[in-house]
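> My questions all concern the structure below.
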Amino acid sequence: MRVPLSWLRDFAPFEGDAAAIAATLDDLGLVVEGVEHVGEGLGDVVVARVEEIRPIDGADKIRLVVVSDGTGPVEVVCGAWNFAVGDLVPLAPVGSVLPGGFAIGKRKMKGVVSNGMLCSGPELRLGEDRGGILILDADGAVPGAKLTDVLGIEPDVVFDVAVEANRPDAWCMAGVARDLAARLELQFAVPSTPALLARVAPDAAGAAVPATGPAVATLTSVRVDDPDLCPRFTARVLTGVQVGDSPEWLARRLVAAGMRPINNVVDASNYVMLELGQPTHPYDLDQLAGGGLVIRRAGAGETVTTLDGVERMLGRPGPGLGDTGQDCLICDATGAPVGIGGIMGGATSEIGAGTTRVLLEAAYFVPMAIARTSKRLNLRTEASARFERGCDPAGIDRAAERFCELLALTGGSGLTLADGVLDVVGDVPTPLEVAVRPSRVNGLLGTAHTAAEIAGLLAPLGMEVRPTGGDDDPVEVVVPTFRPDIRPAPMGEADLAEEVARTYGYARLPRRHPAWPQPGRLTPYQRERRRIKDVLCGLGASEAWTAAFVTEADQLAAGFAPPYVEITNPLVDAERFLRSSMAPGLVQAVLYNADRRQGDVRLFEVGSVFRLPEIPDGDGPLAVEEERLCAVFAGEGDDAWSAVAAWRTVADALGLVGWTMEQGPRRGGGARVSHEFRSAALVGPPARGRARRVVLGEVGELDPTFVETSGLVGTDGRPRRVGWLDLDLATVLDPDEARRKPLESAPISRFPSSDFDLAFVVHDEVPAGTVEATLQVAGGELLESVQLFDVYRGESLGPATRSLAYRLRFCASDRTLTDDEIGGLRSACITAVEQSHGATLR
Amino acid sequence: MSGPVDVDALVAEARVAIAAADTTEDFRHVAAVVSGKKSALVEASRALGSMDPDARKELGRQLHEARATVDGLLEARRTAIRYAELSAEMAASRLDLTEYVPGEAAGPVARGHLHLVSQTRDALEDVFVGMGFEVAEGPEIESDWYNFGALNIPPAHPARGMWDTFYLHLGEPESTLLRTHTSPVQIHLMERAVLDGTLPIHSVMPGRCYRRDTPDARHLAVFHQIEGLVVDRGITFADLAGTIETFTAAYFGPDIHSRLRPAYFPFTEPSAEFEVTCTICKGEGCRTCSQTGWIELGGCGMVDPAVFASVGIDADEWTGFAFGFGIDRCAQMRHQIADMRALIENDIRFLRQF
């Protein structure tokens, strides 16, 4: 909201510089988002008459202009061409400083001295560019006159104030002034219209009191059928109206506040809204069929064409939660709609040049009803924004009276105001009484205010306050109806505590660093999630943040069949699904980098993936959300083995034991982006007495079809090999799910260890992991470690077989192992592998 | 004179030929025969020019459809053949991933980098943990109740306009959504604490949030927030202001201070916006802070009694404060990132800077 300081001064004598006032407004929660200085720096600018225009040798863009400023001829060089001899123009003489600090000095151009500058509108910060120098045609414009006198400009400051959504009362000049005056301890009052006129237009003629006409009931009628939507509706009628221009000062104020003057009737309505916060609506009474109004609920599917020329359908609930489809219509006396109550009027009864009889509506609409209708119609107006936050039902009369008095200034000599008001009052909000305990206020704010101090801080905001006794006894507060943000007790106590704090000043509130006995900490899950990410970084992977919103093609590519978790109102229609896998996003990130000659990357991401539950369960969650860690290894030479190495490092860092790899077709099917011949499910043993196996995730290589479709193709034209690791963090990081090393330490033997190597020729169908498991069992307690160190395939070994070479290390805690013992262990290991796996020692 | 072209027959022939191709080489040959420059379809199109307009129009339409059909068949076959070839290759080169020999995977590479947002989040968490906070998290898909209702924002309330919400096709219309802030975690925490009898609460809640804003240099539709909640006996606004100040100095440095000014949030009362000394000009006033010396960071306030009521906490026994701000915004401020969208591009050159 644009708030001119000059307008605020109607209500209290605000002094001081703009910056200080802006800071005070900020501290009141009326946040100043911008400060505009208007009409400053114009004090030295005078009116000058163009006497002569001469070309300058060698210059085709500038000319020498001789003007008279009332004292004599002045020669200035000018680059504008929009004026002629005899025109009156603004002259900034040498030595003057224009808005923005632009100092005018003597300048020499093309050998000609310029003794000042002729000014355009924007250079003076007076309106928009009109294609050159500002040409003056106002009365009193004579050479030598001060521009500010001629244009009636006074320096002013306009604050751009952001009013919080819960403060409808502050959404007007009076509201801002009230808060400001309370803080600055100045007396606040809304001036009467004569007092206002004495301030803004002391020389203006014209009475601000319209003559009284016949009884209003003889001219119009009002019927409210649905007071639950419109609890108060008032109508006043002005006759003999002449539609024309508003008074100069009023139009200038509207412009300063950001509104365009239209005509004296509409302007008066807008002025009142800006000044007092109450929207009003003037109708051309002669355009209302039946000469009156009916306020009623819209029928289902009823339509109305609003002022903006759009036909709108009403009376049906929208998809929004809580929308009951209850819309308030303003209709003429025949029941035909002429506007949507509190939101926008209709075109038929608009004020026009020929309007002579004006019906003025000033009403109170139920805020939630306006909010619903406005949201569903996507129609937000100055009026609806105020009504939906809650206008003051008790402020209606003052606003309507102000309108009539303002219109009386220019509404024509025959203007009369019909006697009386049609006022239909239902169940309107009434002043609220809240008992405020000082202990509660101080308990919330950390202050030590007495009851009297609290009363003193609330009273200037328009609250009626009655201390009931001592310093600690409650203060009875009567909250005026213009503060709908204050709720009944007990909530209202907190609301009023905020008011106390605002008037007192947030900056003055005490500060204390609280302490409590409970320690701060991360959960084990959070600690280990950090560790796992650090491990990935150590492996050369950088963390990515890929899109949560994906296309159907992405979902299908990742192996997920519809349906998916779908967004009702996506930003981009194609990207309307929540990702079920991070693989497409990560592959796209690799591609993005590859396109920028950064193809050699490893990336990982920790984030949520979403899917619908396999079996819909009425009581269960509507969607499954899992936090997973996914990594792609797309560096030089990367393939499944990079991912396997990464997994083993992660498992080691977390102390995961007992896990195995299940290769081949995945048990239970399920989605996969990895290829079945190059990946394995990571399966944990049942942990802590649980019967079922747990799936930790998968490791391997992305399916080349997926990689190729994604466009990640190497220089040889083949799909790039990309290692893939996908972990379900909720399982991997839960010690009850994934088995960990025991807490107890194992003593380190002081005796030397002995190694031997065994190489077996094993059929390809036998996973190396099972051979290792057999060796673990056969080696028994004395086996310290077993490590595959060589894999060899060759024709000499026979088809579909390979040699697996293991190094086994043995150690006893209480002795050095003898050669005999080692020999026995070696035989046992060989026998076990040969018998279990049909292998032969090589 | 030859009879009219039998387009159906041409398509049928092409269908048979395409189905018979089972290697890439075969396929190239078949593709040339059925849709190449010398294919019967193309030949037939060439003959159109010499026909009378009506017949030309009809045959042209048929040929156009035939062409589309054949192209579709070709594309489907091409994909199938490619899939079969890749599958065969994979079958012939299947890996036993338990055959892992240490040191044989792709060699050592330069260390990777945590995402700047993660680093920022970790740093923020660490500061708050040091101040005695636990770290709590919650789901990103929420019900209307947790995201709005329990936070004193009833349906159709105009205050909902403060959050542009992504709704999900789940359950009743607009009943399930992507959380617009981390505040629902507050509700979960308080509900649990009431149920388990484990009040007080001293927690911060970082996490990902969603708002239906078109991304620009300062906003992302998907972003990260961190929120704090303290519910204890005797907690006042002074504790809130002190906590913010301690955090500000600990995270941004000793020269950076905080100030609070009144604001409106439905879930706190009194409410405040908090600002910190502009980190660029250290409070002197610059373009970044619009000459004010202060940068707006987040919102805070005393937990609204209505919120306590919705989770069953006695507002006369317990008071509390909450605060929240953007993690991404912190990162942007601290590292002077001109355009927030750099955070989601995943350009490795960007990621490696931090």
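The values are calculated or read from the model by the stated rules, or taken from the named source; none is laboratory data. Everything numeric in this text was worked out from a predicted model, so none of it was measured. Here Cβ is always computed from backbone atoms with ideal geometry, including for glycine, and neighbour counts include all displayed protein chains. Calculation scope for accessible area: heavy atoms of the full protein, side chains included, ligands and nucleic acids excluded. Shrake-Rupley method; radii C 1.70, N 1.55, O 1.52, S 1.80 Å.
> Apply the Kirkwood formula to the stretch A:38-95: the hydrodynamic radius equals the inverse of the mean of 1/r over all pairs of different alpha-carbon atoms; give it in Å with one decimal.
Taking every pair of different Cα atoms in the stretch A:38-95, averaging 1/r and inverting gives 12.2 Å.
> Post the alpha-carbon centroid distance, the stretch A:234-267 to the stretch A:1-54, in whole angstrom.
Distance between centres, Cα-based: 23 Å.
> Calculate the FRET efficiency for B:GLN353 and A:GLU33 from the Cβ-Cβ distance with a Förster distance of 51 Å, rounded to the nearest 0.05.
0.95
> How big is the stretch B:163-291 on each of its three principal axes, counting only the C-alpha atoms and giving the largest first in Å?
On the principal axes, the stretch B:163-291 reaches 52, 42, 23 Å in Cα extent.
> Greater than 23 Å separation of Cα atoms is the criterion. Which listed pairs, A:LYS108/A:LYS146; A:LYS533/B:LYS282; A:LYS61/A:LYS146; A:LYS106/A:LYS146, meet it? Don't skip to the end; give the middle numbers.
Details: A:LYS108/A:LYS146 26 Å; A:LYS533/B:LYS282 34 Å; A:LYS61/A:LYS146 29 Å; A:LYS106/A:LYS146 21 Å.
Where the Cα-Cα span goes over 23 Å, the pairs concerned are A:LYS108/A:LYS146; A:LYS533/B:LYS282; A:LYS61/A:LYS146.
> Span-like helices, chain B: DSSP H, alpha-carbon axial extent 18 Å or more, mean Kyte-Doolittle 0.0 or greater, which ones?
TM-like helix candidates: B:7-20, B:116-130, B:183-196, B:237-252.
> Follow-up question, since we're still on this one. Can you give the helix-only mean residue ellipticity at 222 nm for chain B, where every DSSP H stretch with n ≥ 4 adds -39500 (n - 2.57) and the sum goes over all residues, rounded to the nearest 500 deg cm²/dmol?
Computed ellipticity for chain B at 222 nm equals -13000 deg cm²/dmol.
> Okay, moving on. With only alpha-carbon atoms in the gyration tensor, what are the semi-axes of the equivalent ellipsoid for the stretch A:139-186, in Å, largest first?
37, 13, 8
> Over the stretch A:753-842, what is the relative contact order in percent, taking alpha-carbon pairs closer than 8 angstrom and at least six residues apart?
The normalised contact order for the stretch A:753-842 reaches 45 percent.
> Which three semi-axes in whole Å describe the equivalent ellipsoid of the stretch A:695-842, each the square root of 5 times a Cα gyration tensor eigenvalue, listed largest first?
Numbers: eigenvalues 257, 125, 33 Å².
Semi-axis lengths for the stretch A:695-842 are 36, 25, 13 Å.
> Another question, if that's okay. Measure off, as a whole percent, the carbon and sulfur share of the 1.4 Å-probe accessible area of chain A, all protein chains present.
Numbers: 18500 of 36040 Å².
About 51 percent, which is the carbon plus sulfur part of the accessible surface.
> Show me the ranking of peptides A:412-424, A:812-824 by mean Cβ neighbours inside 10 Å, starting with the highest.
Values: A:412-424: 17.5, A:812-824: 12.1.
Going by the mean number of other Cβ atoms within 10 Å, highest first, we get A:412-424, A:812-824.
> Tell me, what is a quarter of the convex hull surface for the C-alpha atoms of the stretch A:46-151, in nm² with one decimal?
Averaged projected area of the stretch A:46-151's Cα convex hull equals 6.3 nm².
> Give me the percent relative contact order of the stretch A:46-151, please, defined on Cα pairs under 8 angstrom at least 6 residues apart.
The normalised contact order for the stretch A:46-151 reaches 30 percent.
> Then there is this: Normalized C-alpha radius of gyration of the stretch A:754-841, against 2.2 N^0.38 Å?
For the stretch A:754-841, the normalised Cα radius of gyration comes out at 1.10.
> Given labels modelled 7 Å from the Cα in the Cβ direction, how far is it in nm from A:ALA347 to A:ASP203?
According to this spin-label approximation, the distance is 4.4 nm.
> Residues of the stretch B:245-269 with the amide nitrogen closer than 11 Å to a label point 7 Å from the Cα of B:ASP216, along Cα-to-Cβ, please.
Hits in the stretch B:245-269 for B:ASP216 at 11 Å: none.
> If a/c stays under 1.5 just call it rounded; otherwise compare a/b with b/c (prolate if a/b is bigger, oblate if not). Do that for the stretch B:221-263, with a ≥ b ≥ c from the square roots of the Cα gyration tensor eigenvalues.
Since a/c reaches 1.5 but b/c is at least a/b, the shape of the stretch B:221-263 is classed as oblate.
> Below 14 angstrom from the Cβ of A:VAL535, what's the summed charge of the other residues (Lys, Arg +1; Asp, Glu -1)?
Numbers: positive: A:ARG527, A:ARG529, A:ARG530, A:ARG531, A:LYS533, A:ARG602, A:ARG648, B:ARG111; negative: A:GLU528, A:ASP534, A:GLU543, A:ASP652.
Taking every other residue near A:VAL535 into account, the sum is +4.
> Can you classify the stretch A:199-276 as rounded, prolate or oblate using the Cα gyration tensor, where a ≥ b ≥ c are the square roots of its eigenvalues, rounded means a/c under 1.5, and otherwise it's prolate if a/b beats b/c and oblate if not?
Here the stretch A:199-276 falls in the oblate category.
> While we're on this one: Evaluate the Kirkwood expression for the hydrodynamic radius of the protein assembly as shown, namely the inverse of the mean inverse distance over all pairs of different C-alpha atoms, and round to one decimal in Å.
36.8 Å is the Kirkwood radius here.
> Angle check, please: helix A:18-27 long axis (alpha carbons) against the longest principal axis of chain A (alpha carbons), in degrees 0 to 90, nearest 10.
50
> Still on this structure, please answer the following. In peptide A:443-450, what is the residue-averaged number of other protein chain Cβ atoms found within 10 Å of each Cβ?
Neighbouring Cβ atoms belonging to other protein chains average 5 per residue here.
> When the Cα centres of the stretch A:695-743 and the stretch A:386-427 are compared, how far apart do they sit, in Å?
72
> Right, something else. Averaging sequence separations of C-alpha pairs under 8 Å and six or more residues apart, then dividing by the length of chain B, give the relative contact order as a whole percent.
14
> What is the mean number of Cβ atoms from other protein chains located within 10 Å of the Cβ atom of each residue in peptide B:168-178, rounded to a whole number?
Per-residue shielding by partner chains comes out at 6.
> Based on the Cβ-Cβ distance of A:GLU765 and A:ARG693, what FRET efficiency does E = 1/(1 + (r/R0)^6) give at R0 = 25 Å, to the nearest 0.05?
About 0.70, to the nearest 0.05.
> The stretch A:9-33: which residues show an accessible-area loss of 10 Å² or more, assembly versus chain alone, 1.4 Å probe?
By number: A:ASP26, A:ASP27, A:GLY29, A:VAL31.
> Taking only the alpha-carbon positions of the stretch A:335-458 and ignoring solvent, what does the Debye formula give for the base-10 log of I(q)/I(0) at q = 0.13, 0.22, 0.23 Å⁻¹?
Cα-only, vacuum Debye calculation for the stretch A:335-458: -0.77, -1.32, -1.36.
> Using packing as a proxy for protection, rank A:261-274, A:68-81 so that the peptide with the highest average count of other Cβ atoms within 10 Å comes first.
Descending packing order for the listed peptides: A:261-274, A:68-81.
> If you take the accessible area of A alone, add that of B alone, and subtract the area of the pair, what total do you get in Å², probe 1.4 Å, to the nearest 100?
Summing both sides, the interface buries roughly 10200 Å².
> Using alpha carbons only, how many degrees (0 to 90, rounded to 10) separate the axis of helix A:264-276 from the longest principal axis of chain A?
60
> Sorted by mean Cβ packing within 10 Å, highest first, what order do the peptides A:398-408, B:46-56 take?
Sorting A:398-408, B:46-56 by mean packing, highest first, produces A:398-408, B:46-56.
> Could I have the simple spin-label model distance between B:ALA92 and A:ALA333, label points 7 Å from Cα toward Cβ, reported in nm to one decimal?
Computed distance between label sites B:ALA92 and A:ALA333 equals 9.5 nm.
> Quick one: Cα convex hull volume of the stretch B:1-87, Å³ per residue? Intermediate results must be reported in sequence, preceding the final value.
On the way: hull volume 6.9 nm³, N = 87.
Each residue corresponds to 79 Å³ of Cα convex hull volume.
> Using a 1.4 angstrom probe, figure out how much accessible area the stretch B:52-160 has per residue, in square angstrom, rounded to the nearest whole.
Here the per-residue accessible area is 46 Å².
> Here's another thing I want to ask about it. Tell me, what is the per residue accessible area of the stretch A:1-148 in Å², probe radius 1.4 Å?
Heavy-atom accessible area per residue stands at 47 Å².
> Next question. Quick one: Debye curve from the C-alpha atoms of the stretch A:636-720, no solvent, what's log10 I(q)/I(0) at q = 0.11, 0.14, 0.15, 0.23 Å⁻¹?
The Debye formula, applied to the Cα set alone, gives -0.37, -0.57, -0.63, -1.15.
> What is the mean number of Cβ atoms from other protein chains located within 10 Å of the Cβ atom of each residue in peptide A:385-395, rounded to a whole number?
Rounded to a whole number, the mean comes out at 1.
> If one takes the longest principal axis of the Cα atoms in chain A, at what angle in degrees, from 0 to 90 and to the nearest 10, does the Cα axis of helix A:524-538 lie?
Relative to chain A, helix A:524-538 is tipped by roughly 80 degrees.
> If you don't mind, another one. If I take R0 = 25 Å and measure r between the Cβ atoms of B:GLU284 and A:VAL97 in this structure, what FRET efficiency does the formula 1/(1 + (r/R0)^6) give, to the nearest 0.05?
Numbers: r = 25 Å, r/R0 = 0.99.
Using R0 = 25 Å, I get an efficiency of 0.50.
> Put one equal scatterer on each alpha carbon of the stretch B:116-351, apply the Debye formula with no solvent term, and list log10 I(q)/I(0) at q = 0.10, 0.14 1/Å to two decimals.
Taken in order of the listed q values, log10 I(q)/I(0) reads -0.46, -0.93.
> Ignoring ligands, DNA and RNA, what percent of the 1.4 Å accessible area of chain B is carbon and sulfur?
Result for chain B: 53 percent of the exposed heavy-atom area is carbon or sulfur.
> Let me ask another. Could you do me a favour and compute the accessible area per residue for the stretch A:206-425, 1.4 Å probe, result in Å²?
Dividing the accessible area of the stretch A:206-425 by its residue count gives 36 Å².
> Let me ask another. What area, in nm² and to one decimal, does the C-alpha convex hull of the stretch A:455-524 cast on average over all directions?
Projected area, direction-averaged: 7.9 nm².
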